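The values are calculated or read from the model by the stated rules, or taken from the named source; none is laboratory data. All values derive from a computational prediction rather than experimental measurement. Here the Cβ positions follow ideal geometry from the backbone for every residue, glycine too, while neighbour counts run over all protein chains shown. SASA here: full protein model, heavy atoms, side chains in, ligands and nucleic acids out. Shrake-Rupley method; radii C 1.70, N 1.55, O 1.52, S 1.80 Å.
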Amino acid sequence: MVNKISVVGGGNVGATCAQGLALKELAREVVLIDILEGVPQGKGLDQWESAPIEGFDSRVRGTNSYDDTANSDIIVVTAGIARKPGMSREDLLNTNAGIVRQVSENIKRTSPNAIVIMVSNPLDVMAHVCMQVTGFPRERVIGMAGVLDTARYRSVEDIQALVLGGHGDTMVPLASYTTVSGIPLAQLMKKDRIEALVDRARNGGAEIVALLKTGSAYYAPAAAAVQMAEAIVKDKKRILPCSAWLQGEFGMKDLFLGVPCKLGRDGLMEIIEVELTGEERAALQKSADAVTETMALLK
Ligand code: NAI
Ligand code: 2OP
């Protein structure tokens, strides 16, 4: 357990995430912060009142002031607008960049040693904005996408899988690194069936947006951010697909992209450079190009 984890943005993902952090008792205090007056306070109090029933001992608190988040060990950023039907993650770009800049300035001022888990979209670009504004090292700015995208691609038991690339339509589910109880997927399934699974994972976010109509997915995204926080708090050294600042890994430099990351108490410990087939490498490059193009659209 760490002392304090703050969640910025008390909307669907943020509030669900705060609850998940508290249920797992990852911090003595879980602080939910939003610009809406009363909303984070109300949700925080409601969650704290579930503690005697659920039996968790984390204090959940809502606020509008960054002073209450001061010296957080970890900050999960979920502030921003979410997708509506017909919108891509990139449509959120400039609105969310403004929000993430302001949030990052506050994080730098009040929690200069925090590890940031970025969730706001477009994910890889928002992680970049946060690193630029805070000046934090890459070990302490990590994007959540791959854990979610991988969950959309696998089942609960027996399957190990890896989805790399940007969090967008060009994400790269690696069939060659997908095994079922150690058996490579290609030995169990025909290529067209694998491609159908890959396609559904790639469109997983849009599928939920089309059903919800008023927003985007939040239960699985929140669970994914909590899993990353847990790996950090418990120093698990788990290898999870996360968006990380590449400095030459996979032959790429100066961009955030989803890659296999080892997470421990100090945040990003290592990027694992797995071998890729020519086709996978080309798909990863295409995904990197898409992230770079979105970055160039930033005003
Ligand atoms: P939401 O609309 O339910 O909540 C967003 C919250 O951010 C609102 O409560 C709003 O008041 C707050 N907010 C806006 N400006 C703020 C500021 N300056 N400071 C603090 N709070 C502020 O949206 P939801 O569904 O929670 O999604 C949040 C973000 O996460 C979106 O950008 C969404 O696209 C992204 N997302 C990313 C995923 C990923 O895999 N990386 C998965 C799911 C969502
Ligand atoms: C998702 O993948 C919208 O990025 C969000 O559900």
Check your understanding: Which residue pairs have Cβ atoms under 8 Å apart, sit 6 or more places apart or on different chains, and have a first residue in the range 124-151 that is closer than 19 Å to LEU297 by Cβ and in contact (Cβ under 8 Å) with a residue 60 or more places away in the chain and a second that is assigned to a helix (DSSP H, G or I) and not aliphatic (A, V, I, L, M)?
Key -> ASP124/THR294; VAL125/THR294; VAL129/ARG101; VAL129/SER104; MET131/ARG138; GLY143/ASP124; ALA145/ASP124
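When you scan the range 71-104, how many residues do you find that are without any contact (Cβ under 8 Å) to a residue 60 or more places away in the chain, open to solvent by 30 Å² or more (accessible area, probe 1.4 Å) and not hydroxyl-bearing (Ser, Thr, Tyr)? Steps first, please.
The first filter runs over the range 71-104 and keeps only residues without any contact (Cβ under 8 Å) to a residue 60 or more places away in the chain, leaving 81, 86, 91-92, 95-96, 98-102, 104.
Restricting the remaining residues to those that are open to solvent by 30 Å² or more (accessible area, probe 1.4 Å) gives 81, 86, 91, 95, 98-99, 101-102.
Next, from what is left, pick out any that are not hydroxyl-bearing (Ser, Thr, Tyr): 81, 86, 91, 98-99, 101-102.
Selection size over the range 71-104: 7.
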Study note, to complete from the structure: Sole miss for GLY10 among (1) part of a loop (DSSP other than H, G, I, E, B); (2) small (Gly, Ala, Ser); (3) over 22 Å from the mean Cα position of the chain (by Cα) is condition (3)
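Residues checked against (1) farther than 20 Å from GLU230 by Cβ; (2) in a helix (DSSP H, G or I); (3) more than 16 Å from ligand 2 (Cβ to nearest atom):
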position: THR16; (1), (2), (3): no, yes, no
position: PRO40; (1), (2), (3): yes, yes, yes
position: LEU45; (1), (2), (3): yes, yes, yes
position: PRO52; (1), (2), (3): yes, yes, yes
position: PHE56; (1), (2), (3): no, no, yes
position: ASP68; (1), (2), (3): yes, yes, yes
Check your understanding: What are the residues in the range 105-127 that are near ligand 1 (Cβ under 10 Å from one of its atoms), crowded, with 24+ Cβ neighbours inside 10 Å and part of a helix (DSSP H, G or I), if any?
Key -> LEU123, ASP124, MET126, ALA127
Study note, to complete from the structure: Residue hits (the range 203-238; in contact with a helix residue (DSSP H, G or I) (Cβ under 9 Å, 6 or more places away or on another chain), more than 10 Å from ligand 2 (Cβ to nearest atom) and without any contact (Cβ under 8 Å) to a residue 40 or more places away in the chain) are LYS236, LYS237, ARG238
Review point. Strands (runs of 3 or more DSSP E) wholly in the range 221-297 with at least 3 residues that are open to solvent by less than 10 Å² (accessible area, probe 1.4 Å) - which ones?
Key: 238-247, 253-264
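Where residues in the range 46-60 are open to solvent by 90 Å² or more (accessible area, probe 1.4 Å) and of a type in the set (D, E, K, R), which of them is nearest to ILE142 (Cα to Cα)?
To start, the set of residues in the range 46-60 that are open to solvent by 90 Å² or more (accessible area, probe 1.4 Å) comprises 46, 48-49, 52-54, 57.
Then keep just the ones that are of a type in the set (D, E, K, R); that gives 46, 49, 54, 57.
Values: ASP46: 29, GLU49: 31, GLU54: 30, ASP57: 27 Å.
Top of the filtered list is ASP57.
Could you tell me how many of the residues in the range 28-38 are assigned to a strand (DSSP E or B) and either in contact with a helix residue (DSSP H, G or I) (Cβ under 6 Å, 6 or more places away or on another chain) or over 21 Å from ALA70 (Cβ atoms) (or both)? Before the answer, list the steps.
Step one: list which residues in the range 28-38 are assigned to a strand (DSSP E or B), which gives 28-33.
Applying the additional criterion that residues be either in contact with a helix residue (DSSP H, G or I) (Cβ under 6 Å, 6 or more places away or on another chain) or over 21 Å from ALA70 (Cβ atoms) (or both) yields 30-33.
Count: 4.
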